[in-house]
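The values are calculated or read from the model by the stated rules, or taken from the named source; none is laboratory data. Values in this document were obtained by computation on a predicted structure and should not be read as measured data. Using ideal geometry, Cβ is built from the backbone for each residue, glycine included, and neighbour counts are taken over all protein chains shown.
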């Protein structure tokens, strides 16, 4: 069992692709891992621009989206875990996001559109 743990610990993300339904992470051993975008509601709520703005963190141990305040770890993906954010926390973030976008647009009640990530690649 320790060999399996060691192999997982050495895997790193090397690239990311998103489309309206799937998050795909390219791994350092040449594999690609795809999971439903619905596992990460903040990514699902993101615009193409927000989703395209990502960076590898921890030498590839994870991916960070600063505009969405979302972090996704490679180890969690391999274990089949999506976002662990509570419903209350996500609701508060969505409300804050809606207020922020309304102020920027000058249109009260403007809601962020979901599922607009589109395909992004670095």
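Quick notes
- Condition check for residue 48: within 19 Å of residue 19 (Cα to Cα) and surrounded by fewer than 12 Cβ atoms within 10 Å (Cβ to Cβ): no
- Restricting attention to the stretch 2-35, the residues being assigned to a strand (DSSP E or B) and at pLDDT below 90 number 0.
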